[in-house]
1. Just one of B:SER237, B:SER177, B:SER188 is within 25 Å of B:PHE375 (Cβ to Cβ) and among the small types (Gly, Ala, Ser); which is it?
2. Suppose the filter is surrounded by fewer than 24 Cβ atoms within 10 Å (Cβ to Cβ), out of contact with any Ser or Thr (no Cβ under 9 Å at 6 or more places or on another chain) and of a type in the set (D, E, K, R); does B:ARG289 pass it?
3. Quick check on the stretch A:85-102: of everything there that is in contact with an Asp or Glu (Cβ under 7 Å, 6 or more places away or on another chain) and crowded, with 18+ Cβ neighbours inside 10 Å, which residue is nearest to the other protein chains (Cβ to nearest Cβ)?
4. Pull up the stretch B:298-328, narrow it to residues that are surrounded by fewer than 22 Cβ atoms within 10 Å (Cβ to Cβ) and closer than 14 Å to B:ALA183 by Cα, then point me to the one that is nearest to the other protein chains (Cβ to nearest Cβ).
5. Whether any residue in the stretch B:94-105 is touching a residue at least 60 places away in the same chain (Cβ under 8 Å) and among the small types (Gly, Ala, Ser) is what I want to check.
6. What number of residues within the stretch B:351-368 satisfy the criterion of being within 11 Å of chain A (Cβ to nearest Cβ) and surrounded by fewer than 20 Cβ atoms within 10 Å (Cβ to Cβ)?
7. I need the helices (runs of 4 or more DSSP H) fully contained in the stretch B:169-257, keeping only those with at least 1 residues that are loosely packed, with under 14 Cβ neighbours inside 10 Å.
Amino acid sequence: MSPSANPNGREDFREILRLVRPGARVLDVGCGSGELLELLIEGKQVDAQGLEISQAGVSACLAKGLAVVQGDGDRDLDHFPTRAFDYAILSKTLQQMREPRHVLSELLRIAGQAIVSVPNFGHWRMRASLMTRGRMPETRALPDPWWSTPNIHLCTLRDFTDLCRELELRIDACAALSSGKPARPIRPDGALENWRSETALFLLSRRHDDTPGAVPRDLFGDVDMPKPEAPKRKRR
Amino acid sequence: MTVTASASPAIETHAGTHRFPAGKALRLDSGATLEPLEIAYETYGRLNEARTNAILVCHALTGDQHAASIHPVTGKPGWWSRVIGPGLPLDPERYFIISTNVVGGCMGSTGPASQDARTGEPYGLTFPVITIADMVRAQALLVEALGIETLLAVVGGSMGGMQVLQWAADYPEKLFSAVCIAAAARHSAQNIAFHEVGRQAIMADPEWRAGAYMKARVRPEKGLAVARMAAHITYLSEQALQRKFGRELQRDGLSWGFDADFQVESYLRHQGTSFVDRFDANSYLYITRALDYFDLAAQHGGVLANAFAKARGVRFCVLSFSSDWLYSTAESRDIVRALNAAGCRASFVEIETDKGHDAFFLDEPQLDATLRGFFAATAHARGLA
C-alpha cells in the first residue's frame, strides 16, 4: 500500500503517516492490533515499537512480527528511557487517560516529538447538542452515552493549546480531521477552528530543546503555522 | 555418539550424548574446569540446508532433555510436549529443535553423579559449583558442535528463561531471537530462602552422607522428597491450590493423627515420592545453587541494561503469568525495562491465568497462541518459508 492510499479509512492514520520521517524510531501508545505500526513500517520503514493494554492486542501484534510491550499508557511510559524514540504517537486516546497532563509530558520525555490527536469538545455539534437537547452530547466523534464513555477527560481545542503552553510544548503542526474528509491544516488557536474542527491532530515538541533533530519543521508544506508564543503563567 | 530414539513416529528425532573431545574442557565461572564434558540432548525435526531453523529449548530446575519424548523413567510425555510437536507452536516439521540436559543435571550430562575421571568415583560434593552461565557455555559448545552458527531462537521457562537471558548477554551474535518465560534476571531473597529449605531437607537426611551416598549405595530419598514438596508449593498459586483441593479430605472423616487427611497433603507427598525416582539429590543441590547465584545485572556492573548492550539485533519476547509469585510479572517487567533501556527490540505479554508459575507447561491457550505467533513471525523475518 502506498502512503497516499487511505489506510483502513482512518483519516488520522493517513495524517500520521505523512508526518513521520522515514526510518524514524516510533512508539505507538495504545497500538491495538498494530494497524498503524504496520502502515508506518510499510510506508516509512520506521523502527516500530508498540504499547498496548490488552493481551489480545499484544498477541495479534506479535503474530504480525511487531515489537509490542503490554502495558498501560497511564503508568508504563515512565519506564521508557529518555529520548528512546523520535516520535511517540497517541491517537485519539489522550482523553481516556487518567492523567493526560502527565502522559503528555512523558510522551515528550521519551520522544523528540509527539503526535497526539484529540476530539474537540468545542466542535459546533457538541455545543449545539448540549444547547438544544440539554444532555451530554452524543456525536459521531464521541458516540457513547455519558455513563459508559471511556472518554473521561474531554477538552476543547482551546483547552488543549492552553495545556501545551503550560507544559512549554511547541505545536509544530496541527490539522483538523473530520471523517471522510481530507485533513485540513489549521491554526489551533483560531477561534473559528474551535467551532469547526471535529478532531485535531498535533505534532508537538518541547520548546526549550537544543537537541538536534528537534528542529521545528513545517511538515504540512507552505502552511501558515501558529506563531510560538511566550510562555505565560496560567492561573489555575 | 548419537542413537536414534522414537518420540513420535512422524518426526525425525535423535537422542544421544555428545562427548566433547579430550582437551575441550568446560571453563567454569568458579575458576574450575570440567573434563571430560558430556551433554545429553535430543533433537526434533531436521536442520535445513541453510542451518537457519534451529531452536534451542532450555529446561527448568528439574527438567531434562526429554522435552517432547516419552520420559524413560516416568513413562510420561516430555515436559513441553504440549508445545513441541506437529501442528504445535514449535513444529518439528518446520524447526530443528534442540533440547539439552544442563551441565550439573542427572539425565546424562556431566553432573555430580557422573564419574570423576581422576578418581574413578562419582563426583558427589567434589563436583565444582556451576552457574547459569556455565550451563549456557556448555550449550553453546554443543550448538557449535552441531554445526549451527546462529540459532533462530533460544526459548525457556523459569530457569530455562534465565538461560535465555544469559545467552543474550554472552552470545548475542549467535541469536536471532530469544523467548524468556516466567523468569527473572536474578534470584530474590525469597527464591533463595525456598531453595535453602530444600537443600537443608536433603542434607538433614542421614542417607545423604555428606553427598557420598552413591558409594554407600543408598539415596537420601526422604530429604529430596521434602525439598520437592516445599518447592512444588511455590510453583502453584494459592487460587490453583484452593481450586484443586480446597479442604477436601482423602477419606470420610479425620484420622485424628498425622496421615495425609487432606487431599493437598496426599498430592504433595505423591509429588515428593515420584520425584526421587527421576532426580539426583546432589544435582538438586548444585542446580538450586546455580539459580541462587544468578544475578545478571551484577555480572554487568550492577546495571541490567548493560547485559543486553550487544543484543540490539536480537528479537526478544518476554512472557509472565499473572498468578506467578515465584518469578512475578514485576520481575519480567524489570527485564523488559532493561531491554528497552538498552535499545533492544522487545515484546512483553502478561498472560492472565490462575495456574501460577507452572502455567508455562500447563494447558494455557494464550501462551500457545502467543508463542505460535512470535515464532511464525520470527521465522518469516529470517526468511524461512
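The values are calculated or read from the model by the stated rules, or taken from the named source; none is laboratory data. Fair warning: this is a prediction, and the values are worked out from it, not measured in the lab. Reconstructed Cβ throughout: ideal geometry from the backbone, glycine too, with neighbour counts over all protein chains shown.
1. None of the other options fit; the residue is B:SER177.
2. On the way: surrounded by fewer than 24 Cβ atoms within 10 Å (Cβ to Cβ): yes; out of contact with any Ser or Thr (no Cβ under 9 Å at 6 or more places or on another chain): no; of a type in the set (D, E, K, R): yes.
So B:ARG289 fails the test.
3. Start the filter on the stretch A:85-102 by keeping residues that are in contact with an Asp or Glu (Cβ under 7 Å, 6 or more places away or on another chain), which leaves A:89, A:91-92, A:97-99.
Applying the additional criterion that residues be crowded, with 18+ Cβ neighbours inside 10 Å yields A:89, A:91-92, A:97.
Details: A:ILE89: 17, A:SER91: 20, A:LYS92: 24, A:MET97: 20 Å.
My answer is A:ILE89.
4. Here is the first cut: in the stretch B:298-328, the residues surrounded by fewer than 22 Cβ atoms within 10 Å (Cβ to Cβ) are B:298-303, B:305-306, B:309-310, B:312-313, B:322-323, B:325, B:328.
Restricting the remaining residues to those that are closer than 14 Å to B:ALA183 by Cα gives B:322-323, B:325, B:328.
On the way: B:SER322: 10, B:SER323: 14, B:TRP325: 19, B:SER328: 15 Å.
This residue is B:SER322.
5. At the first step, the residues of the stretch B:94-105 found to be touching a residue at least 60 places away in the same chain (Cβ under 8 Å) are B:94-95, B:100-105.
Imposing the further condition that a residue be among the small types (Gly, Ala, Ser) reduces the set to B:104-105.
Among the residues of the stretch B:94-105, at least one is touching a residue at least 60 places away in the same chain (Cβ under 8 Å) and among the small types (Gly, Ala, Ser), which makes the answer yes.
6. Within the stretch B:351-368, the first condition is being within 11 Å of chain A (Cβ to nearest Cβ), and the residues that meet it are B:351-353, B:365-368.
From the residues that got through so far, the ones that are surrounded by fewer than 20 Cβ atoms within 10 Å (Cβ to Cβ) too are B:352, B:365-366, B:368.
Going through the stretch B:351-368 one residue at a time, the tally reaches 4.
7. On the way: elements: B:189-204, B:221-235, B:238-244.
Correct list: B:189-204, B:238-244.
Each row is one residue, and each column tells you yes or no for (1) acidic (Asp, Glu); (2) under 23 Å from B:HIS195 (Cβ atoms).
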position: B:LEU326; (1), (2): no, yes
position: B:PHE348; (1), (2): no, no
position: B:GLU352; (1), (2): yes, no
position: B:LYS355; (1), (2): no, yes
position: B:GLN366; (1), (2): no, no
